[in-house]
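J.: First the structure, which I've put down as structure tokens, then a few questions once you've had a look.
The values are calculated or read from the model by the stated rules, or taken from the named source; none is laboratory data. Nothing here was measured: the structure is a model prediction, and the numbers come from that model. For neighbour counting, all protein chains shown are included, and Cβ atoms are generated from backbone atoms with ideal geometry for every residue, glycine included. Heavy atoms of the whole protein, side chains included, go into the accessibility calculation; ligands, DNA and RNA do not. Shrake-Rupley method; radii C 1.70, N 1.55, O 1.52, S 1.80 Å.
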Amino acid sequence: MNKIKFWAITFVLAVLVSCSQQKRYISYQVKEGETMRDIAERINVKTEDLDRLNPDVGTNPAANSTIVIPNPEFKKTIPLIQEPNKDEEVVTKTEETSEETIKEEVDEVKNVPDSTQIVRTVYEYKTHIVQPGETVYRLTKTYNISKDELIKLNPEFPKIKDNLLSVGQEIKVKVAEKKVIYITREEDLKNHVTHIVKPKETVYSLTRFYNITKQELIDLNPEFPEIADNNLSIGQVLRIRPIEEKLTSDNSAIYIDTIAVTEPIKLAFLLPFKAQEYDSIASEDIFDTKNGGSARVANMVTDFYLGAELALDSIKKSGIQVDVSVFDTGNRGKEVEKILAEDKLENVDVVIGPFYSGQVDKVADDVNVPVVFPHFSNNQDEFSSSRIIKSAPDKDTHSGFLVEYLNEIYNGETIFIVSDGSKQSDAQLEFLEKQFEKNDSIKSIVTLKPENNYIKKERFTDKMKPKVHNWIILTSDEKSYIADAINSMVVLPEDVTAQVFTIDKTPAYDYINNNTLARIDFTYVTDNYSDENDQNLKNFFKHYKKRNKDIPSEYAIRGFDLTYDVLIRMASGEDLTDTYKEGVSMRLENKFDFNKKLFGSYSNRGLFIVRYKDDLTLERLK
């Protein structure tokens with residue numbers, strides 16, 4: 001059996017505790033230029049007595065070194081080191097101060113950390129390597145441990161709760177030894193991902209950005225108890241997570257909103273309201289989804305702009321002036337050329353729109369300001385101008401984000417990548433396969449494509465091994481293929497488990513029962529995620545409903561987030577694209593993390609990974 005050392009998650013600041021019984025001796029940090037004689041005179045003891053307490057120090061101790069001195073606050077009736085005056089009566093109950101007693105107490109002082117040190121608990125564990133045929137039950141009986149204790153000792157293996165083990169897993173079965181060590185705070189911080197608190201940052205913004213709980217932040221930073229009351233101080237260095245658990249996203253900086261401009265920001269919206277086309281149509285018919293794609297676009301555009309209006313209100317309340325121009329680009333954007341020909345965008349600072357991808361390069365070529373494409377399009381890969389900002393991540397970015405996450409948590413799983421045989425689905429399969437092959441630890445990748453327009457369940461189960469967890473990644477958008485693949489995962493042979501992933505939860509998944517999705521641990525990449533406890537989101541819902549007599553859609557929230565992010569960044573006084581180098585912003589539901597190709601447009605990498613829990617709620621994993 002091997003013994004592995006793990007740092008305990010919790011630790012506390014060391015302090016010199018004054019108990020009911022006072023300490024006879026305390027530690028003292030030597031100042032620059034001080035001699036033992038100087039220190040002795042200052043604390044009113046004989047130099048030779050101080051030398052007795054510190055026999056290895058010499059007459060000129062090094063600056064910032066620690067020596068032992070008598071505690072000035074110690075009971076006056078108890079002699080320190082000096083012998084009592086022979087002419088005075090000695091109280092018989094006074095403690096003895098023999099050389100042996102002094103040595104013991106001095107050693108005790110030397111072993112106590114000073115106020116800059118951290119007390120950390122180090123555990124050594126007895127471990128067990130899982131062999132073929134072994135079960136959770138057998139381990140609990142072999143090592144006389146309960147299943148709950150086994151789960152608690154091995155949080156990195158959550159499948160233990162489902163009685164699932166994998167051959168070769170190294171399971172902790174017992175705490176073999178517990179040690180307390182002292183470490184300086186500086187050294188301790190090196191063992192953690194850290195964050196330096198900046199102006200305007202809050203406990204909530206940090207926990208949301210790093211995807212940790214408030215309690216985890218409190219436990220990791222006990223020297224700052226004010227975190228419990230949501231109080232932070234600028235410049236505080238906070239621990240986020242142990243360094244061995246560092247995520248790629250931990251390297252990102254948080255963008256800090258600042259306001260420096262005094263002149264109005266000139267914003268233009270290019271959106272296909274199609275006012276002329278709809279002039280003679282009843283409003284209920286315009287937005288009735290039974291009317292197909294036209295109604296869908298009308299709802300998207302209208303909701304986006306209603307959300308944007310609330311963003312404009314919030315920006316103006318912050319003291320930022322905005323001059324807004326709204327242009328109706330008509331059906332399929334046919335009015336764009338006319339708007340450009342009449343120089344309607346000549347003096348604007350930024351453009352949000354147009355809505356149709358075919359018009360975006362045309363606008364970017366005509367204006368000399370950022371052009372923000374407001375949503376995702378399959379054609380956005382074709383954008384070439386450096387003035388174009390793609391606000392929604394590309395599909396390859398989704399795929400890369402999933403690969404990054406799975407590489408971080410990989411522990412011997414078999415990976416299945418499943419295509420529906422279409423050109424787009426096959427391209428995603430090949431992309432994922434190439435990305436996984438870069439990880440030398442991953443040995444088992446299975447790719448599946450339809451045979452006779454169908455993928456039989458046996459093509460999955462024949463490749464699945466008992467006690468080895470399986471990851472099933474679906475690259476299809478087709479409802480029938482998705483349903484067939486998921487149904488194949490619901491009931492599996494004994495000792496076989498699987499979790500289903502996809503790079504994007506398309507509308508095809510809406511036809512799958514949520515209970516079914518929860519049973520297969522359905523996990524997906526998404527460009528939006530809402531925290532139901534977010535007070536800002538609650539306020540947005542309240543104001544939106546009050547103004548529009550309806551609850552906001554995903555597009556309404558996107559309209560708010562994108563418009564607010566563009567304007568608050570421009571309010572810094574810097575060029576919009578320059579602010580992207582300063583950090584990532586998280587708004588109500590959307591995350592904005594932009595980078596630029598050497599010759600091309602700006603792309604957003606702001607994504608989340610979300611999983612269906614057993615209670616049908618969503619859990620953000622990354």
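J.: Which of the helices (runs of 4 or more DSSP H) contained wholly in the stretch 159-278 include at least 1 residues that are in contact (Cβ under 8 Å) with a residue 60 or more places away in the chain and surrounded by 12 or more Cβ atoms within 10 Å (Cβ to Cβ)?
T.: Working: elements: 185-190, 203-210, 214-220, 275-278.
Output list reads 185-190, 203-210, 214-220.
J.: Which pairs do you get when a residue that is farther than 17 Å from V371 by Cβ, found in the stretch 577-604, comes within reach of a residue that is open to solvent by 10 Å² or more (accessible area, probe 1.4 Å) and part of a strand (DSSP E or B), reach meaning Cβ atoms under 6 angstrom, with the pair 6+ apart or on two chains?
T.: G583/I254; E589/N528; N590/N528
J.: Going through V496, V500, V525 one at a time, which residue ends up being aliphatic (A, V, I, L, M), touching a residue at least 24 places away in the same chain (Cβ under 8 Å) and not in a strand (DSSP E or B)? So that I can check it myself, show each step before the final result.
T.: Values: V500 fails: not in a strand (DSSP E or B); V525 fails: not in a strand (DSSP E or B).
Residue meeting the stated conditions: V496.
J.: Is there a residue in the stretch 529-546 that is under 23 Å from L402 (Cα atoms) and not acidic (D, E)? Step through it out loud before you land on a result.
T.: Step one: of the stretch 529-546, the residues under 23 Å from L402 (Cα atoms) are 529-531.
Next, from what is left, pick out any that are not acidic (D, E): 529-530.
Yes, some residue in the stretch 529-546 is under 23 Å from L402 (Cα atoms) and not acidic (D, E).
J.: Here's another thing I want to ask about it. Within the stretch 216-234, how many residues are at pLDDT 90 or above, farther than 21 Å from S249 by Cα and not hydrophobic (A, V, I, L, M, F, W, C)?
T.: The total comes to 5.
J.: Would you say R120 is modelled with pLDDT under 90 and of a type outside the set (A, V, I, L, M, F, W, C)?
T.: On the way: modelled with pLDDT under 90: yes; of a type outside the set (A, V, I, L, M, F, W, C): yes.
For R120, the condition - modelled with pLDDT under 90 and of a type outside the set (A, V, I, L, M, F, W, C) - is met.
This table checks each residue for (1) crowded, with 18+ Cβ neighbours inside 10 Å; (2) in contact (Cβ under 8 Å) with a residue 40 or more places away in the chain; (3) of a type in the set (S, T, Y).
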site	(1), (2), (3)
F401	yes, yes, no
E413	yes, yes, no
K434	no, no, no
S444	no, no, yes
K449	no, no, no
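Yes/no per residue for (1) part of a strand (DSSP E or B); (2) modelled with pLDDT under 95; (3) among the polar types (S, T, N, Q); (4) under 18 Å from G400 (Cβ atoms):
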{"residue": "Y564", "(1), (2), (3), (4)": "no, no, no, no"}
{"residue": "R569", "(1), (2), (3), (4)": "no, no, no, no"}
{"residue": "T579", "(1), (2), (3), (4)": "no, no, yes, no"}
{"residue": "N595", "(1), (2), (3), (4)": "yes, yes, yes, yes"}
{"residue": "G600", "(1), (2), (3), (4)": "no, yes, no, yes"}
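J.: Being among the charged types (D, E, K, R), touching a Lys or Arg at 6+ places or on another chain (Cβ under 7 Å) and open to solvent by less than 70 Å² (accessible area, probe 1.4 Å) is the requirement here; does D521 meet it?
T.: Numbers: among the charged types (D, E, K, R): yes; touching a Lys or Arg at 6+ places or on another chain (Cβ under 7 Å): yes; open to solvent by less than 70 Å² (accessible area, probe 1.4 Å): yes.
In short, yes.
J.: In the stretch 39-67, what residues are of a type outside the set (S, T, Y), in a helix (DSSP H, G or I) and over 13 Å from Q29 (Cα atoms)? Can you show your working first?
T.: Filtering the stretch 39-67 for residues of a type outside the set (S, T, Y) gives 39-46, 48-58, 60-64, 67.
When the remaining residues are screened for being in a helix (DSSP H, G or I), the result is 39-43, 48-53.
Residues satisfying the conditions are A40, E41, R42, I43, E48, D49, L50, D51, R52, L53.
J.: Considering the stretch 364-393 alone, what residues qualify as being open to solvent by 10 Å² or more (accessible area, probe 1.4 Å) and either aromatic (F, W, Y) or within 21 Å of the chain's Cα centre (by Cα) (or both)?
T.: F376, F383
J.: Yes or no: the stretch 387-397 includes at least one residue that is among the basic types (K, R), assigned to a helix (DSSP H, G or I) and in contact with a helix residue (DSSP H, G or I) (Cβ under 9 Å, 6 or more places away or on another chain).
T.: yes
J.: Related question: Say we look at the stretch 464-492 and pick out the residues that are assigned to a helix (DSSP H, G or I) and hydroxyl-bearing (S, T, Y); which of these is surrounded by the fewest Cβ atoms within 10 Å (Cβ to Cβ)? Don't jump to the end; show me each part of the working.
T.: First, pick out the residues of the stretch 464-492 that are assigned to a helix (DSSP H, G or I): 479-490.
Subsequent filtering for residues that are hydroxyl-bearing (S, T, Y) retains 480-481, 488.
Details: S480: 13, Y481: 23, S488: 21.
So the residue we want is S480.
Residue-wise test of (1) of a type outside the set (V, I, T); (2) in contact (Cβ under 8 Å) with a residue 40 or more places away in the chain; (3) touching a strand residue (DSSP E or B) at 6+ places or on another chain (Cβ under 7 Å).
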residue	(1), (2), (3)
D521	yes, yes, yes
F540	yes, yes, no
K545	yes, no, no
N548	yes, yes, no
F560	yes, yes, no
Y564	yes, yes, no
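J.: Output yes when any residue across the stretch 173-193 is on the phi > 0 side of the Ramachandran plot and under 22 Å from the mean Cα position of the chain (by Cα), and no when none is.
T.: Scanning the stretch 173-193, I find no residue that is on the phi > 0 side of the Ramachandran plot and under 22 Å from the mean Cα position of the chain (by Cα), so the answer is no.
J.: Take the residues in the stretch 528-562 that are assigned to a helix (DSSP H, G or I) and of a type in the set (A, V, I, L, M), then tell me which one is farthest from H375 (Cα to Cα). Steps first, answer last, please.
T.: In the first step, residues of the stretch 528-562 are kept if they are assigned to a helix (DSSP H, G or I); the result is 535-548, 554-562.
From the residues that got through so far, the ones that are of a type in the set (A, V, I, L, M) too are 537, 556-557, 562.
Working: L537: 20, A556: 12, I557: 12, L562: 10 Å.
The residue in question is L537.
J.: On the given criteria, is K344 charged (D, E, K, R), buried (at least 21 other Cβ atoms within 10 Å of the Cβ) and modelled with pLDDT of 90 or more? Write out each step before concluding.
T.: On the way: charged (D, E, K, R): yes; buried (at least 21 other Cβ atoms within 10 Å of the Cβ): no; modelled with pLDDT of 90 or more: yes.
The answer is no for K344.
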